């Protein structure tokens, strides 16, 4: 077959696929094997975006990978309850403020586009719905630094669409698609729990390029790592699982030893510490450095915050972690059951390493890790079951829906993995163990 005939065949096939812009690019002399140039012309020519419906013309298999991932399925979040938004199933996406054209909810940090709602169609039993769902992945949430989506009402339904800034700059955004950067990851992960730095305590927007004294890994003046330097990806599955995450998206471990080996110190006595403590126990001497984080949320006493009612927040900064033994297993309060398990501080335990349960001895494989302590005062019914907060009603009026019997105190322990300080600052962490004797 001649090159001209082959080029004609390719152009005809692409035209049938509806890729008019790409066909035009190829007709300019890019037919054959110059796919990179064709993609470049295509990206610069596309000016509209409808989520993965736009991308699937070339990347359908990638959409299937994303759809199967924890980032999309949220199997670790849906059906479970917590001490921040409480229950994402009923707070997915809803009209807010009521009567406006805006929408809010947990899904604003989901990688869905348009009207995605759980439960998500199964590829084996709901094939037609599954195919439609593959067109509703918001690829740009991860593959652009400057793109973001927002909740909006359309035809009486809450949907996710590009925000005003993204809509105005879509041609430039589409011409600059990138691998996931720090800025892209932080769009969601920095604002978990209702604000910048609020939930995790070791993640906020400044981590895109922090001061090296705050995080020596992420700073451009330090190692200048990106999120995926440690949280490596394969088939859109992200490595890494924090202690307060119910499911791992990947079996690939994230560990300091991946880069630093098992004997990172010249001093053998320091290396011996690894038998009892993770590197982070010494190298994260404090968290919430440079920004405040939430330490308590009290739903018994709502407060008006930025136009909506929230549980009263207590904030803190530059906080010392609590060192707890952790072997990779975690206790989670199971939804719709009575509170029975107590935390080390006497509150009911929401989530934490197995050793955070009062009276439970850590396993022999446990090592010390640093944790943020988050407490809350939450409503329970007559059977001592946590009552989910209906965010639309609560944010609007401060009124909690449900037969509240009382409010109880809870504790969550969140593992700390970021804000790794320069090695010269690690000695401050020694005091936590050695001042009053090494913890048992």
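Evaluating kT/(6 pi eta Rh) at 4 °C and 1.567 mPa s, with the Kirkwood radius of the chain over Cα pairs in the Stokes-Einstein relation, gives 54 µm² s⁻¹. Shape class of segment 214-357 from the alpha-carbon gyration tensor: prolate, with a/c at 1.5 or above and a/b greater than b/c.
Pull out the extension gain between residue 404 and residue 211, defined as 0.36 nm times the separation in residues minus the alpha carbon to alpha carbon distance; nm, one decimal.
Result: 64.9 nm gained on full extension.
Take every DSSP beta bridge whose two residues both sit in the chain; close to 85 percent of them are antiparallel.
Principal axis extents of the C-alpha atoms in segment 185-440 (largest first, rounded to whole Å): 60, 41, 40. Here residue 167 and residue 255 are evaluated by their C-beta separation; at R0 = 56 Å the FRET efficiency comes out at 0.85.
The sum of -39500 (n - 2.57) across all DSSP H runs of n ≥ 4, divided by the residue count of the chain, sets its helix-only mean residue ellipticity at 222 nm to -6500 deg cm²/dmol.
Tell me the Kirkwood radius of segment 298-440: reciprocal of the mean inverse pair distance over distinct alpha-carbon atoms, in Å.
Averaging 1/r across every pair of different Cα atoms and inverting gives 17.3 Å.
Looking at segment 185-440, the DSSP beta bridges with both ends there are about 85 percent antiparallel.
The distance between label points at residue 98 and residue 48 comes to 3.7 nm (points 7 Å beyond Cα on the Cα→Cβ vector). Footprinting exposure proxy ranking of 211, 204, fewest other C-beta atoms within 10 angstrom first, gives 211, 204.
The order of 408, 161, going from fewest to most other C-beta atoms within 10 Å of their C-beta, is 408, 161.
The mean of 1/r over all distinct Cα pairs in segment 161-210, once inverted, gives the Kirkwood hydrodynamic radius of 12.2 Å. With the convex hull of its Cα atoms as the shape, segment 50-178 has an orientation-averaged projected area of 8.7 nm².
Only the coordinates and a few stated rules stand behind these numbers; no lab work does. Since we're looking at a predicted model, the values are computed, not measured. In this analysis, Cβ positions are derived from the backbone assuming ideal geometry, glycine residues included, and neighbour counts consider all displayed protein chains.
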